[in-house]
Amino acid sequence: MPCSAASPELRWTRETERRGPGGADRALRIVLLGPPGAGKGTQAVRLAARFGVPHIATGDIFRSNVDQGTPLGRVAKRYLDSGELVPDDIVIDIVSERLADPDCRHGFVLDGFPRSAPQASALSRRLDELGTPLDAAISLEVQEEELFQRLAARARADDTEQTIRNRLRVFAASNHPLLRYYEQRGLLARIDGVGDPDDLTELVVARLKDLMAHPITERRRSAEVALASMVGR
Ligand code: AMP
């Protein structure tokens with residue numbers, strides 16, 4: 001379907017890129033998926049700045065609470081130290097609250113959330129409540145050994161070798177259901193995360209434009225047809 005036939009609220013307009021917070025009412029609501037070390041943080045910061053929407057990184061929220069010694073930080077610390085996931089109900093509450101903040105009115109880039117199927121469905125429910133559905137889930141994909149090298153080089157406090165291996169293991173176990181969840185809903189774009197960060201940003205923007213040029217009903221239908229043909233094979 002040509003771009004011009006899409007409903008106005010689904011059309012990618014110049015204003016989508018020009019609008020600062022409080023500008024047009026078209027928004028960009030995306031989640032970035034991908035393993036630790038895939039460059040989600042870098043891309044999330046750039047996309048958020050480019051589209052004038054907040055960057056919400058659950059890992060940053062937890063780390064800042066740990067640093068400040070808040071009650072949440074005290075609970076989260078042992079999960080961060082071991083590379084395990086903080087329990088779903090805690091993360092879901094934090095994100096649900098954050099999404100109601102006024103700066104999220106025109107969208108957001110979620111980085112590090114969702115990380116499990118229950119988190120993904122809680123996010124969908126919350127966005128339905130707010131009347132602001134997700135536009136896309138971008139999955140940045142990088143091979144495990146490359147990730148290990150990147151993570152070992154960056155040496156954050158929670159980046160010991162054992163923690164890194166555990167975080168990659170935890171990721172591998174939880175990622176597949178998430179990809180399926182978003183694929184079924186016609187929201188998924190899988191992107192090779194290796195290469196120059198500037199090129200990667202342009203690639204992500206191009207894929208977003210591509211996705212958003214098609215109404216979600218059409219995207220969902222194509223995803224259903226593709227999945228059905230795989231099952232029938
Ligand atoms: P990150 O900076 O995204 O790699 O997250 C660092 C750590 O924060 C993870 O290893 C988890 O312990 C915790 N964390 C961040 N986001 C989530 C989430 N969505 N669900 C559960 N735990 C999370």
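The values are calculated or read from the model by the stated rules, or taken from the named source; none is laboratory data. Source: prediction; values computed, not measured. Here the Cβ positions follow ideal geometry from the backbone for every residue, glycine too, while neighbour counts run over all protein chains shown.
Remarks
- Selected residue (criterion: nearest to the chain's Cα centre (by Cα)) from residues of the range 143-176 that are surrounded by 14 or more Cβ atoms within 10 Å (Cβ to Cβ) and under 30 Å from E218 (Cβ atoms): N175
- Single unsatisfied condition, F113 versus (1) outside any loop (DSSP other than H, G, I, E, B); (2) touching a strand residue (DSSP E or B) at 6+ places or on another chain (Cβ under 9 Å); (3) in contact (Cβ under 8 Å) with a residue 40 or more places away in the chain: (1)
- The residue pairs whose first member lies in the range 34-57 and is hydroxyl-bearing (S, T, Y), whose second member is more than 12 Å from the ligand (Cβ to nearest atom), and whose beta carbons are closer than 7 Å, counting only pairs six or more residues apart or on different chains, are T42/P197.
- Of the candidates R220, R190, the single residue that is surrounded by fewer than 18 Cβ atoms within 10 Å (Cβ to Cβ) and not in a helix (DSSP H, G or I) is R190.
- So R180, is it free of Cβ contacts under 8 Å to residues at least 40 places away in the same chain, out of contact with any helix residue (DSSP H, G or I) (no Cβ under 6 Å at 6 or more places or on another chain) and surrounded by fewer than 17 Cβ atoms within 10 Å (Cβ to Cβ): yes
- Flag if V31 is closer than 22 Å to Y181 by Cβ, outside any helix (DSSP H, G or I), within 15 Å of the ligand (Cβ to nearest atom) and modelled with pLDDT of 95 or more: yes
- Matching residues, the range 131-141, being surrounded by 18 or more Cβ atoms within 10 Å (Cβ to Cβ) and not hydroxyl-bearing (S, T, Y): L134, D135, A136, A137, I138, L140
- The range 79-95 residues that are closer than 20 Å to L127 by Cα and modelled with pLDDT of 95 or more, paired with ones that are near the ligand (Cβ under 7 Å from one of its atoms) and assigned to a loop (DSSP other than H, G, I, E, B) (beta carbon under 8 Å, 6 or more apart): D88/S116; V91/L85; V91/F113; V91/R115; V95/F113
Results for (1) among the hydrophobic types (A, V, I, L, M, F, W, C); (2) modelled with pLDDT of 85 or more; (3) over 27 Å from D81 (Cβ atoms), shown as yes or no for each residue.
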| residue | (1), (2), (3) |
| --- | --- |
| T201 | no, yes, yes |
| V204 | yes, yes, yes |
| H214 | no, no, yes |
| A226 | yes, no, yes |
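- Residue selected from the range 76-130 under the condition of a type in the set (G, A, S) and surrounded by fewer than 19 Cβ atoms within 10 Å (Cβ to Cβ), by the criterion farthest from the ligand (Cβ to nearest atom): A100
- Against the criterion of being within 16 Å of the ligand (Cβ to nearest atom), among the basic types (K, R) and under 18 Å from L110 (Cα atoms), R156 does not qualify.
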